[in-house]
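K.L.:
My structure is below; once you've seen it, I'll send some questions.
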Amino acid sequence: GIGGLSVTTLGLSQNREISDKKYQSDSLSPKIIKKGEGEKIAVIGDQQTIKLTGKDTNNQFTLIEEYNKPGTQIPLHVHENEDEIFHILEGQLEVQIGNDIKQFMTGDIIFCPRGIPHAWKVIGDAKARVMLSVFPSGIENLFYELAQLPLGPPDFKKVTQICETYNIKFL
């Protein structure tokens with residue numbers, strides 16, 4: 001009866017506690033990032049807000065919000081180290097993955113595994129807000145480095161050299 005239920009509930013509770021401890025990490029702390037918060041940087045015209053870095057996630061992933069006007073684009077390139085997920089929160093993107101070029105809109109999610117060439121461009125008449133998840137982390141270091149370049153048209157040779165040190169190549 002009721003006594004048996006109490007024992008069962010207690011048993012489940014104890015198992016849950018043990019299970020949760022398995023997933024805790026001494027090196028990680030919860031982090032709350034409110035709307036509009038994060039480190040804002042401009043990476044060759046790509047307006048980014050860094051939400052989570054490898055320091056926040058034990059180097060598991062990086063989370064970046066991009067908010068760009070129509071026409072903003074990143075040319076065809078390939079990552080050797082990172083998988084990327086693009087979640088379109090607002091607006092429209094044209095994305096090339098391999099030889100396929102498709103249009104995506106608010107709510108769409110694009111997974112681009114490492115080793116597959118890809119490019120993106122904001123299309124339509126409104127800005128696009130995209131949440132970019134990158135696995136594993138580290139790409140934020142590239143973006144910080146690129147953000148230090150002088151304003152104006154980028155020196156593509158310099159950009160290419162920096163990207164190659166992070167195993168990213170333009171095609």
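K.L.:
With θ taken as phi - 60° and the coefficients 6.51, -1.76 and 1.60, list the Karplus ³J(HN,Hα) couplings across segment 70-82 in order, rounded to whole Hz; mark glycine and proline as x.
P.N.:
Karplus-based 3J(HN,Hα) across segment 70-82 equals x, x, 5, 8, 10, x, 4, 8, 9, 9, 8, 10, 10 Hz.
K.L.:
Give the carbon-plus-sulfur fraction of the accessible surface of segment 44-171 in %, rounded to a whole number; probe 1.4 Å, heavy atoms of protein chains only.
P.N.:
It is 54 percent, rounded to a whole number.
K.L.:
Quote the charge dipole size of segment 27-137 about the Cα centre in Debye, to the nearest 20; the model charges only the Cβ of Lys and Arg (+1) and of Asp and Glu (-1).
P.N.:
Charge dipole of segment 27-137: 320 debye, to the nearest 20.
K.L.:
Going by average Cβ density within 10 Å per residue, which order do the peptides 80-88, 36-44 take, highest to lowest? Each step should come with its number before you reach the end.
P.N.:
Working: 80-88: 17.3, 36-44: 14.4.
Result, highest mean Cβ count within 10 Å first: 80-88, 36-44.
K.L.:
Could you name the lysines whose alpha carbon sits less than 17 Å from that of Lys102, not counting residues in the same chain fewer than 8 places away?
P.N.:
Of all the lysines, those that pass the test against Lys102 - Cα under 17 Å, at least 8 places apart if same chain - are Lys121.
K.L.:
Shape verdict for segment 24-171, please, from the Cα gyration tensor: rounded (a/c under 1.5), prolate (a/b greater than b/c) or oblate.
P.N.:
Cα axes put segment 24-171 in the rounded bin.
K.L.:
Cross-link list Lys34/Lys55; Lys69/Lys157; Lys35/Lys169; Lys127/Lys169: which exceed 21 angstrom alpha carbon to alpha carbon?
P.N.:
Lys69/Lys157; Lys35/Lys169; Lys127/Lys169
K.L.:
Highest first, please rank the peptides 120-127, 144-151 by the mean number of other Cβ atoms sitting within 10 Å of their residues.
P.N.:
So the peptides 120-127, 144-151, ranked by packing, come out 120-127, 144-151.
K.L.:
Return the sequence-ordered ³J(HN,Hα) values of segment 126-137 in whole Hz as given by the Karplus equation 6.51 cos²θ - 1.76 cosθ + 1.60 applied to θ = phi - 60°, using x for Gly and Pro.
P.N.:
In residue order, the calculated couplings are 10, 5, 10, 10, 10, 9, 9, 10, 10, 10, x, 6 Hz.
K.L.:
Kindly report the accessible area of segment 60-171 per residue (heavy atoms of protein chains, probe 1.4 Å, no ligands, DNA or RNA), in Å².
P.N.:
On a per-residue basis, 53 Å².
K.L.:
I've got another one for you. How much net charge surrounds Ile88 when only other residues with a Cβ under 9 Å from its Cβ are counted (Lys, Arg +1; Asp, Glu -1)?
P.N.:
-1
The values are calculated or read from the model by the stated rules, or taken from the named source; none is laboratory data. Just so it is clear, the structure is predicted and the values come from calculations on it, not from any experiment. Cβ atoms come from the backbone with ideal geometry, glycine included; neighbour counts cover every protein chain shown. SASA here: full protein model, heavy atoms, side chains in, ligands and nucleic acids out. Shrake-Rupley method; radii C 1.70, N 1.55, O 1.52, S 1.80 Å.
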